[in-house]
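Any read-out appearing in this document is the output of simple, stated calculations on the displayed coordinates, not a laboratory observation. All values reported here derive from a predicted model rather than from experimental measurement. Heads up, the Cβs are rebuilt from the backbone with ideal geometry, glycines too, and the neighbour counts pull from every protein chain shown.
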Amino acid sequence: MVGAGGWSVALTASEFNDFCKLVQMLRKGLITMDQDGVLNRDDIVMQVERGNLWMECVVARQTLPTLQRFLKMGGRPSGAAFAIRFILSGTDSKRQAEGFWPAEAVMDMLAKMDELSAPSQPTTGSSSSKRAEPVTA
């Protein structure tokens, strides 16, 4: 399940994997983006697609250098983030969804995704394992 203030949508395991891969593709794209080609634009828009899922991020050009520094270092910028919008088009016309995260919520989502994908640390005296939880922002 993914969602934000007032909405949520349940994803299949395959859709969730695609969702996570697309978010990581957008993150990597922003980190490696060369700003020289986008000097005349106020906002930078990147779009990616995989399977039935389309995703777009928007970042203000003037915040890109700060955002790139923080994303490379794994930090959490204040005021320098990007918004994400996605559209899920099911194979049948009955199942479709669209969602949006404002820039502030995206950084929380990225932190949660990083936490879930980090190797779990072994604990002594406990047999519990780390379970993946839905990512919501």
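Taking the Cα-to-Cβ direction at GLU104 and at VAL58 and moving 7 Å from each Cα, how far apart do the two end points lie in nm?
In this crude label model, GLU104 to VAL58 measures out at 1.7 nm.
Under 5 Å between amide H atoms, partner at least 5 residues away or on a different chain: which partners does ALA81 have, H built in plane at 1.01 Å?
The answer is none.
By average Cβ neighbour count within 10 Å, what is the ranking of 1-7, 96-102, 83-89 from highest down?
Per-residue Cβ counts within 10 Å, averaged per peptide and sorted highest first, yield 83-89, 96-102, 1-7.
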